[in-house]
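Here's the structure, in structure tokens; my notes come after.
The values are calculated or read from the model by the stated rules, or taken from the named source; none is laboratory data. The model shown is predicted, which means the values in this text are computed figures rather than measured ones. In this analysis, Cβ positions are derived from the backbone assuming ideal geometry, glycine residues included, and neighbour counts consider all displayed protein chains.
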Amino acid sequence: MIPEVRRKFNAAFSPASYDAMVHDINTSLLYPADFKISETPLFLSRVMTDELLNASNQIIAELNSERYKLLTQNAVPAGWSVPNEDAHTTFL
């Protein structure tokens with residue numbers, strides 16, 4: 001977290017500004033959010049952002065590896081597989 005940016009955000013925060021943000025989100029999208037919108041963003045340093053991206057890319061690489069596919073090929077019981085599934089992950 002970046003303390004200076006956090007302090008500035010907290011000083012400017014108000015329930016009215018939060019309500020306005022939620023209103024903007026709910027009126028600019030096709031469907032209103034049916035979940036609680038966070039009151040505050042994350043203020044991450046470049047170093048932390050890079051570490052999170054690196055870790056995410058390592059996890060994705062592992063999930064897409066042949067080794068992982070071999071280890072998990074029998075994880076889903078027979079009859080529960082997705083019809084017409086291909087080798088590419090749809091959601092990650």
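The set of residues from segment 71-92 being within 16 Å of Ile59 (Cα to Cα) and modelled with pLDDT under 85 comprises His88, Thr89, Thr90, Phe91, Leu92. Tell me whether segment 32-50 contains one or more residues that are more than 30 Å from Asn10 (Cα to Cα) and touching a residue at least 24 places away in the same chain (Cβ under 8 Å). No - not one qualifying residue is present in segment 32-50.
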